[in-house]
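Single-structure report; data block below.
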Amino acid sequence: MPRRLVNLALLVVVPLLVATGLLAWVTSGAIAIALLVMHRVAGVGVVLVLAWKYGIARRSVRRRSRGGSGLSLAVGGLASIALLLVLGLGLAWSMGIVSFDRPLTYSLLNVHVFVGVALVPLMVAHAARRWESRPALADLGSRRVVLRALAVGIGAVVATAALDRAGLARRSTGSRAAAAFSGNDFPLTIWAFDAVPTIDAAIWRLQVDGEVASPGAIAYDELVAMPVTERDALLDCTGGWWTEQRWRGVTLADLLARHGVRASARRVDVVSQTGHAWSFLIGEADRLLIATHVGGETLSAGHGYPARLIAPDHRGFQWIKWVSQVHVA
């Protein structure tokens, strides 16, 4: 396959890998599944294309090392290391070699994501320094080139299907099962950017404001005294694990009804004491739960005490912990 076509393919597919992986987090249902399938196929496709890229890179490094192109080599080297690390971790995850709790207590799927995001600017910087204009793009469409490209695409699909069969059982998101219906005994937040806050329920208040007739704050005792709803819901964490638990609390619809939602309301912003927040359509309020208990146990501090959001069909980072404000807009 021509050198320029190989480089252009990598320049397109690597950002596609990052985009499909990240977009799959904030979508749900069939769209998220389709994005994740594209993500896996594109990843395997990159592995196949690297067979050509290896020969190109070896000749280029030999030539530039004699010419003293230190910065160009450094950028290309960093991009290569990042790409190999991303692909290696992705394949190891798909095959079940690594998981959210092995070989480290920190999920290597998160490392896969972080390095993947960092790879994009490295690829762009490398391409900017090594951009080629020949052969012309029109000359890259020969029958032989098209057949090779088709072979790579078909090979990527077949290899992805084989990896999906060979790997350990997981959801379409790639997440693997953790303890189910276990009370607080399931994994804590793996991203762990926020320290677990110490909250005194006696002084904690849940503020409800925005497009409501009666804005105000609710104490913990008032919240647990409201009509209770129990719901089994599946938490699928982007750290690579999922668990189904029985949650108990107050539906967001009941909470908002207490304060009188205005007809102009369109969305609800749920805000954590740490500042983390997510927006939901007002029509989802009946499905969302402000939970105070899991499996009959009071939520632990790590799982969001005194109250966390339960958001079925949304990824784990949207299940806001340590809820301190519900803002209607």
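Somewhere in segment 156-170, is a residue within 21 Å of Arg3 (Cα to Cα), open to solvent by less than 50 Å² (accessible area, probe 1.4 Å) and at pLDDT below 80? No, every residue in segment 156-170 fails to be within 21 Å of Arg3 (Cα to Cα), open to solvent by less than 50 Å² (accessible area, probe 1.4 Å) and at pLDDT below 80.
Looking for whichever is farther than 22 Å from Gly239 by Cα and free of Cβ contacts under 8 Å to residues at least 60 places away in the same chain here; the options are Ala277, Ala285, Ala291, Ala329. Which one fits? Working first, answer last.
Working: Ala277 fails: farther than 22 Å from Gly239 by Cα; Ala291 fails: farther than 22 Å from Gly239 by Cα; Ala329 fails: free of Cβ contacts under 8 Å to residues at least 60 places away in the same chain.
None of the other options fit; the residue is Ala285.
Modelled with pLDDT of 90 or more and over 26 Å from Pro135 (Cβ atoms): does that describe Ala32? So Ala32 does not fit the description; no.
You will find that of Val152, Val146, Val113, the residue that is at pLDDT 75 or above, over 30 Å from Thr238 (Cα atoms) and among the β-branched types (Val, Ile, Thr) is Val146 and no other. When we screen Leu85, Leu89, Leu122 for residues that are open to solvent by 50 Å² or more (accessible area, probe 1.4 Å), touching a helix residue (DSSP H, G or I) at 6+ places or on another chain (Cβ under 8 Å), without any contact (Cβ under 8 Å) to a residue 60 or more places away in the chain and hydrophobic (A, V, I, L, M, F, W, C), the only hit is Leu85.
Conditions (1) of a type in the set (Val, Ile, Thr); (2) more than 23 Å from Ala180 (Cβ to Cβ), marked per residue:
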{"position": "Ala217", "(1), (2)": "no, yes"}
{"position": "Cys237", "(1), (2)": "no, no"}
{"position": "Trp247", "(1), (2)": "no, no"}
{"position": "Val270", "(1), (2)": "yes, yes"}
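Only a single criterion out of (1) assigned to a helix (DSSP H, G or I); (2) surrounded by 16 or more Cβ atoms within 10 Å (Cβ to Cβ); (3) among the charged types (D, E, K, R) is not satisfied by Asp236, namely (1). Condition check: out of contact with any strand residue (DSSP E or B) (no Cβ under 7 Å at 6 or more places or on another chain), open to solvent by less than 40 Å² (accessible area, probe 1.4 Å), within 23 Å of Arg148 (Cα to Cα) and at pLDDT 80 or above. Does Val12 satisfy that? Taking the combined requirement at face value, the residue does not satisfy it. Of the strands (runs of 3 or more DSSP E) entirely within segment 246-323, those holding at least 3 residues that are out of contact with any Cys (no Cβ under 7 Å at 6 or more places or on another chain) and surrounded by fewer than 22 Cβ atoms within 10 Å (Cβ to Cβ) occupy 267-272, 277-281. Taking segment 294-326 as the range and being without any contact (Cβ under 8 Å) to a residue 60 or more places away in the chain and farther than 25 Å from Gly174 by Cβ as the test, only Thr298 passes.
Tell me the residue from Arg308, Arg315 that is in contact with a helix residue (DSSP H, G or I) (Cβ under 8 Å, 6 or more places away or on another chain) and within 25 Å of Pro187 (Cα to Cα), please. Walk me through it before giving the result.
Details: Arg308 fails: in contact with a helix residue (DSSP H, G or I) (Cβ under 8 Å, 6 or more places away or on another chain).
Selected residue: Arg315, the only one of Arg308, Arg315 that is in contact with a helix residue (DSSP H, G or I) (Cβ under 8 Å, 6 or more places away or on another chain) and within 25 Å of Pro187 (Cα to Cα).
The residue that is nearest to Ala32 (Cα to Cα), among those in segment 212-230 that are open to solvent by 60 Å² or more (accessible area, probe 1.4 Å) and outside any helix (DSSP H, G or I), is Glu230. Is it the case that segment 187-194 has a residue that's crowded, with 17+ Cβ neighbours inside 10 Å, under 26 Å from Asp101 (Cβ atoms), modelled with pLDDT under 90 and out of contact with any strand residue (DSSP E or B) (no Cβ under 9 Å at 6 or more places or on another chain)? No, there is no match, as no residue in segment 187-194 is crowded, with 17+ Cβ neighbours inside 10 Å, under 26 Å from Asp101 (Cβ atoms), modelled with pLDDT under 90 and out of contact with any strand residue (DSSP E or B) (no Cβ under 9 Å at 6 or more places or on another chain).
Taking Val228, is it more than 23 Å from the chain's Cα centre (by Cα), closer than 22 Å to Arg267 by Cβ and among the β-branched types (Val, Ile, Thr)?
Values: more than 23 Å from the chain's Cα centre (by Cα): yes; closer than 22 Å to Arg267 by Cβ: no; among the β-branched types (Val, Ile, Thr): yes.
For Val228, the condition - more than 23 Å from the chain's Cα centre (by Cα), closer than 22 Å to Arg267 by Cβ and among the β-branched types (Val, Ile, Thr) - is not met.
The values are calculated or read from the model by the stated rules, or taken from the named source; none is laboratory data. Owing to the predicted nature of the structure, the values given are computational and were not obtained by experimental measurement. Heads up, the Cβs are rebuilt from the backbone with ideal geometry, glycines too, and the neighbour counts pull from every protein chain shown. Side chains included, ligands, DNA and RNA excluded: accessible areas come from the protein's heavy atoms. Shrake-Rupley method; radii C 1.70, N 1.55, O 1.52, S 1.80 Å.
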